[in-house]
Amino acid sequence: MSNNRTMSKTLAFYSLTMAFFFLSGAHSARITFTNNCLNTVWPGTLTADQQPQLSNTGFELLSKKSSLPLDTPPLWKGRFWARTECSTDKSGKFTCATAECDTGQVACSGNGAIPPATLVEINIAADGGMDFYDVSLVDGFNLPISVATQGGSGDCRASSCPTNVTMACPTELQMKGCDGRVLACKSACIAFNTPNYCCTGTFNTPQTCPPTDYSRLFKQQCRQAYSYAYDDPDSTFTCSGRPDYHITFCP
Ligand SMILES: *[C@@H]1O[C@H](CO)[C@@H](O)[C@H](O)[C@H]1NC(C)=O
């Protein structure tokens, strides 16, 4: 009985919320994830600013262009990445070689990726205002990603990091597996954790945190992606009028 009552309350709340979105002209944005990699990947999602997580915080995407759509609320900010080489051990614990979210499960449940991880960041504006999105190597690189819009108005260009940056990764930034294989590439901030690479302390402004040889290397590899925290504003992309998004792994 009480379960039913809770459910009808939830339904009533949901209907009211949807009616509000409909009447206010606010629509959710649809984000479609496609795996173009040779191997299975396990995308993760993280909502920013202590807001509720999306209905799906982690899932498996088989190779050969399998895809999955996910809807965000009309006003939303967060990030996406994909884990690689995941498996479940005998005790049922789920772990991944890169971009692990450390829940022991496929769902990331509010946890972010442990770097290095290539990120797509999307900031969805209310009422069809201006969205911001980017591909970021600020937390390093683990696999190629692109983000493209569909619909919307304005600039709306795709941003892509299609290169395998791991292949150009200097020794001191390499993340290796137990077998010695290079699995991913740390950013200089993640590798050395110093103010000049992380743009912290006296380096916490664009003026006092210039590019470094490491961020320049990332920029050479992926021109459109954020190479460090205060990369030039060209790395941020915009689109208005509530576009939908396509995120592709190994574009
Ligand atoms: C990128 O290069 C690394 C190192 O050669 C390799 O292990 C990895 O599989 C490559 N990743 C992709 C997505 O091709």
task: Please verify whether the range 213-223 includes one or more residues that are assigned to a loop (DSSP other than H, G, I, E, B), among the acidic types (D, E) and more than 16 Å from the ligand (Cβ to nearest atom).
output: no
- line: Listed by first then second residue, the pairs whose first member lies in the range 166-183 and is over 15 Å from T98 (Cα atoms) and in contact (Cβ under 8 Å) with a residue 12 or more places away in the chain, whose partner is more than 10 Å from the ligand (Cβ to nearest atom) and among the hydrophobic types (A, V, I, L, M, F, W, C), with beta carbons under 8 Å and at least 6 positions apart or on separate chains, are A168/L217; P170/L217; E172/A191
field: Unmet criterion (only one of (1) within 19 Å of V147 (Cα to Cα); (2) surrounded by fewer than 20 Cβ atoms within 10 Å (Cβ to Cβ); (3) out of contact with any Phe, Trp or Tyr (no Cβ under 7 Å at 6 or more places or on another chain)) for L46
entry: (2)
message: Let me confirm something: among A99, A82, which residue is touching a Pro at 6+ places or on another chain (Cβ under 6 Å), small (G, A, S) and within 16 Å of the ligand (Cβ to nearest atom)?
response: A82
field: the range 149-178, residues that are within 11 Å of the ligand (Cβ to nearest atom), in a loop (DSSP other than H, G, I, E, B) and loosely packed, with under 13 Cβ neighbours inside 10 Å
entry: G177
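Rundown of residues vs (1) among the hydroxyl-bearing types (S, T, Y); (2) touching a His at 6+ places or on another chain (Cβ under 8 Å); (3) closer than 19 Å to T57 by Cβ, yes/no style:
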| site | (1), (2), (3) |
| --- | --- |
| G104 | no, no, yes |
| P116 | no, no, no |
| L119 | no, no, yes |
| V147 | no, yes, yes |
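Please go through the range 181-194 and give me each residue that is away from the ligand (no atom under 11 Å from the Cβ) and either under 22 Å from C86 (Cβ atoms) or β-branched (V, I, T) (or both), ordered by number.
K186, I190, T194
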message: Quick check on my filter: what residues within the range 107-139 are farther than 19 Å from D234 by Cα, surrounded by fewer than 20 Cβ atoms within 10 Å (Cβ to Cβ), in contact with a strand residue (DSSP E or B) (Cβ under 8 Å, 6 or more places away or on another chain) and not hydroxyl-bearing (S, T, Y)?
response: A107, G110, N111, G112, A125, G128, G129
message: I need the full set of residues from the range 37-74 which are under 16 Å from the mean Cα position of the chain (by Cα), within 16 Å of the ligand (Cβ to nearest atom) and not β-branched (V, I, T), in order please.
response: W42, P43, L61
query: What pairs come up if the first residue lies in the range 80-92 and is touching a residue at least 60 places away in the same chain (Cβ under 8 Å), the second is of a type in the set (D, E, K, R) and assigned to a strand (DSSP E or B), and their beta carbons are under 9 Å apart, counting only those six or more places apart or on different chains?
result: F80/E121
message: Every residue in the range 95-106 that is buried (at least 19 other Cβ atoms within 10 Å of the Cβ) and more than 23 Å from S187 (Cβ to Cβ), please.
response: V106
field: Complete set of residues in the range 133-148 that are more than 10 Å from the ligand (Cβ to nearest atom), in a strand (DSSP E or B) and within 13 Å of S227 (Cα to Cα)
entry: D134, V135, S136
message: Where the second residue is surrounded by 12 or more Cβ atoms within 10 Å (Cβ to Cβ) and polar (S, T, N, Q) and the first is in contact (Cβ under 8 Å) with a residue 24 or more places away in the chain and lies in the range 197-216, which pairs have Cβ atoms under 6 Å and are six or more apart or on separate chains?
response: S215/S227
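All of the numbers you see were taken from the coordinates with simple rules; none came from a lab. Remember, it's a predicted structure, so these values are computed and weren't measured experimentally. Every residue, glycine as well, gets a Cβ built from its backbone with ideal geometry; the counts of neighbours run over all protein chains shown.
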